[in-house]
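For reference, the structure is listed below as structure tokens.
The values are calculated or read from the model by the stated rules, or taken from the named source; none is laboratory data. Predicted, not measured: the structure shown is a model, and the values here were computed from it. Here the Cβ is made from the backbone with ideal geometry for all residues, glycine too, and neighbour counts use every protein chain on show.
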Amino acid sequence: MQQFVTVTLNGLTLAALYFVVASGFTLIFGLMRVVNMAHGSLYLLGGYIALEIQTRWFTSDSGLGLSLSGKSDAEYSVFAWLIPLVLATLIIGVIGVVLQQVFLRWNQGQDLRQALITIALSVILADQMLAYFGGISKDIAAPSAWPTSITLPGEVRFGFFRGVVVLSAAVLIGLGLYLIIKRTRFGKIVRAGVDDREMVSALGINVNRVFIGMFFLGALLAGIGGVLGGTMISLAPGQDTAFLLNSLIVVIIGGMGSLGGAAIGALALGLVDAYADVYLVFGDLDLTNYSIIVTFALLVGVLAFRPLGLYGRPA
Amino acid sequence: MLEVTGLNAYYGTAHVLQDVSLTLGAEPVALIGRNGMGKSTLCKALSGVLGPGNRVTGSVRLEGEELGGKPAHRIAKAGIGYVPQGRRLFQSLTVDEHLLIVGARRDDAWTPERVYELFPRLAERKHVSGTSLSGGEQEMLSIGRALLTNPKVLVMDEPSEGLAPTVVETLIETIKDLAAAGMGLLVVEQNLGVATSLAERVVVMVSGSVATETTSQDLLSDPEQQKRFLGVEPLAEAA
């Protein structure tokens, strides 16, 4: 029972992280029909930038944050985590806007070109990050004042950052996005743009500016995800493609362009991931190495019955 | 007010609008023609919503300002409003949201409040999804939305399509009122009866060009013309 609760919590927190990253991906796709294959790179870069800021500004014993030996002795205040989070997130938002304006704006409606351009960018970014940040897995330090774990009813111990910070961040972000999309004029224009972009411009609205806003927001979410993920799990080469793949799965399950769909898709993926990692043992037969297959079985199952995803609509 | 000279439009390599010229004052003008003659394309070309990859050349001047080939939002800001065929409402927006996104300022001639005054039916259904309205209400919303851009000229593509006769009468009244208030209206109309009752001037399109311009009286009294330009049985005989 304890194990089940822990595994479920693991699934939920993974789902929370997937949701944060995939919501940006799905919003960008919904409005602009751009499949941003560099979304995972923005995630990883966001994490690395935060780590860089944290080690440069907030680490006194320049111990280079090599986390193989566990935590270094350095003390981190809450600001030593929050300031890198905010700065890295904003920087990634701006990078997203630059990416859209410089590379994608000229290729509107050309899906294949945009996909290829963003794949190319992700390959270049991956190599540059490997060159600059190295191939060893690193992590961003959470504030030292925060407890490492909390004890839940039933004597279940669970990581504080994972269970409290990441989960509540995802809930807050989900709520915030919902309010932005539902209540603000920007959000209303975005929804109208998802329905009929051309008609939005025929009302005198500069859609390009809305695109800039959306790419900023979408990239920003990848950046937040990177910092959360870099603190919760770690930062390493390959995380970029892993999170791109996760985002793709999440939005394919949930339906491209749907925020609610991203939440459901993230939950499904997170829980299936977590359960398959632990419960795929049948007597002597240990299939946990093949847990990824369950993920794709989930994908196949959803697509067989809802080809556009659970909340998808025809483009 | 609106002066179109030598307007050409291409869908890819297909030359759809050929050298269209027409002028429009503060009056309603009906644009008629058979299917596929380029009426909708003309509306789209004027509003800048021909879609990516399609070209427009030639001149569209609104009170002297050149708008030909400008992006749609510039054209709308400059004063050409667009009421598209099939209304093209946003399915995820409520009535009120349709009007809010346009971003009209309080001191503009048209505000959401004024649209609600013009179409009280819409005010009653503020928080209903735009696409769950009746056909007539949808048309009102599509017009109201375009009015909020504070247009000098309103381009309307088949506004009466699919509407009940009594609703069409109200629509004709609205169009005439707007013209009386100083707006230019270019109205595509398939129905000869509606076209002739809403406008004095009637522009006829054939094969992507303006074939001729005539008046309602002339057109009504000349069954031969009706047959030639519209391919319909003359109105008198049909009735």
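What the table below lists for this structure:
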read-out	value
Criterion (of a type in the set (Asp, Glu), free of Cβ contacts under 8 Å to residues at least 24 places away in the same chain and either within 30 Å of A:GLY109 (Cβ to Cβ) or surrounded by fewer than 20 Cβ atoms within 10 Å (Cβ to Cβ) (or both)) met by exactly one of A:ASP240, A:ASP284	A:ASP284
Qualifying positions in the stretch B:78-99 - surrounded by fewer than 16 Cβ atoms within 10 Å (Cβ to Cβ) and closer than 16 Å to A:ILE205 by Cβ	none
Unique match (being farther than 30 Å from A:ALA131 by Cα, part of a helix (DSSP H, G or I), within 21 Å of the chain's Cα centre (by Cα) and modelled with pLDDT of 90 or more) among A:ALA304, A:ALA297, A:ALA242, A:ALA263	A:ALA263
Helices (runs of 4 or more DSSP H) wholly inside the stretch B:115-226 that include at least 3 residues being touching a Leu at 6+ places or on another chain (Cβ under 9 Å) and of a type outside the set (A, V, I, L, M)	B:135-147, B:165-180
Exclusive hit being within 14 Å of chain B (Cβ to nearest Cβ), modelled with pLDDT of 95 or more and farther than 29 Å from A:PHE133 by Cα, set A:SER201, A:SER168	A:SER201
Unique match (being at negative phi, surrounded by 13 or more Cβ atoms within 10 Å (Cβ to Cβ) and of a type outside the set (Val, Ile, Thr)) among A:ALA131, A:ALA120, A:ALA145	A:ALA120
Test: residue in the stretch A:245-253 that is at pLDDT 90 or above and more than 27 Å from A:MET129 (Cβ to Cβ)	yes
Counted residues, the stretch B:85-107 - those being closer than 17 Å to A:ASP195 by Cα and more than 7 Å from chain A (Cβ to nearest Cβ)	9
Any chance A:ASN208 is part of a helix (DSSP H, G or I) and either in contact with a strand residue (DSSP E or B) (Cβ under 9 Å, 6 or more places away or on another chain) or at the interface with chain B (Cβ under 10 Å from one of its Cβ atoms) (or both)	yes
Scope the stretch A:109-122; condition free of Cβ contacts under 8 Å to residues at least 60 places away in the same chain and not β-branched (Val, Ile, Thr); matching residues	A:GLN110, A:LEU112, A:ARG113, A:LEU116, A:ALA120
Index of the failed condition, A:TRP106 passing every other in (1) within 14 Å of chain B (Cβ to nearest Cβ); (2) under 30 Å from A:THR8 (Cβ atoms)	(2)
Residue match in the stretch B:7-18 (condition: buried (at least 16 other Cβ atoms within 10 Å of the Cβ), within 30 Å of B:ALA104 (Cα to Cα) and out of contact with any helix residue (DSSP H, G or I) (no Cβ under 8 Å at 6 or more places or on another chain))	no
Flag if B:LEU62 is touching a residue at least 60 places away in the same chain (Cβ under 8 Å) and either within 30 Å of A:LYS182 (Cβ to Cβ) or more than 9 Å from chain A (Cβ to nearest Cβ) (or both)	yes
Subset of the stretch A:266-294 [among the charged types (D, E, K, R) and part of a helix (DSSP H, G or I)]	A:ASP273, A:ASP277
Answer residue from the stretch B:131-178, given it is among the small types (Gly, Ala, Ser) and under 29 Å from B:ALA78 (Cβ atoms) and is nearest to the other protein chains (Cβ to nearest Cβ) among those	B:ALA146
Residue within the stretch B:74-84 that is more than 14 Å from every other protein chain (Cβ to nearest Cβ), touching a residue at least 24 places away in the same chain (Cβ under 8 Å) and over 22 Å from A:PHE211 (Cβ atoms) present	no
Count of residues meeting criterion [more than 13 Å from chain A (Cβ to nearest Cβ) and either closer than 15 Å to A:VAL200 by Cα or small (Gly, Ala, Ser) (or both)] in the stretch B:108-130	2
Pair list, Cβ under 8 Å, 6 or more apart: the stretch B:32-50 residue within 14 Å of chain A (Cβ to nearest Cβ), other residue outside any helix (DSSP H, G or I) and of a type in the set (Lys, Arg)	B:GLY48/B:LYS70
